[in-house]
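Here is the structure we will look at.
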């Protein structure tokens, strides 16, 4: 059987790993054992936080909508209830954007909801 030389593959794999951990602190950017662990943990954290980000954004939108509603004399929960009753299907992301950037449009929505 002919001899298999794996040097190229080993170096490519190592280079790819070191490229992934570039910018990490201390030995994690240049020591292979530490870099492997760091890259693995980074992947785990990024996977977890992609899901966590959705939760945090929704909470932020709720806070923004609540702040805008209270200026109009409503609470957040009452506003959402009235929205559903009036069959206005705007999601929280859009409502928060309207409340923050376009308060006059948000005010019209609140008035329409109060009237219904």
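A few remarks follow.
- Interatomic Cα distance distribution for segment 36-91, bins of 10 angstrom, percent: 21, 33, 20, 15, 10, 2
- Cβ-derived FRET efficiency at R0 30 Å, residue 45 paired with residue 8, nearest 0.05: 0.45
- Shape call, segment 73-116: gyration tensor on alpha carbons, a/c limit 1.5: prolate
- Stokes-Einstein diffusion for the chain, with the hydrodynamic radius set to the Kirkwood value over Cα pairs and evaluated at 25 °C in a medium of 0.890 mPa s, equals 133 µm²/s.
- Label-to-label distance, nm, for residues given as residue 105 and residue 1 (7 Å Cα→Cβ offset): 6.8
- Angle of helix 76-85 to the longest C-alpha principal axis of the chain, folded into 0 to 90 degrees and rounded to 10: 70°.
- Label-point gap, in nm, between residue 53 and residue 75 - each point 7 angstrom along Cα→Cβ: 3.3
- Rounded tilt (10° steps) of 103-115 against the dominant C-alpha axis of the chain: 50
- Nearest 10 degrees, 0 to 90: helix 92-101 Cα axis against the chain principal axis: 70
Values in this text are rule-based calculations from the coordinates and carry no lab data. Bear in mind the structure is a predicted one, so any value in this text is a computation, not a measurement. Don't worry about glycine lacking a Cβ; one is built from the backbone with ideal geometry, like all the others, and counts go over all protein chains shown.
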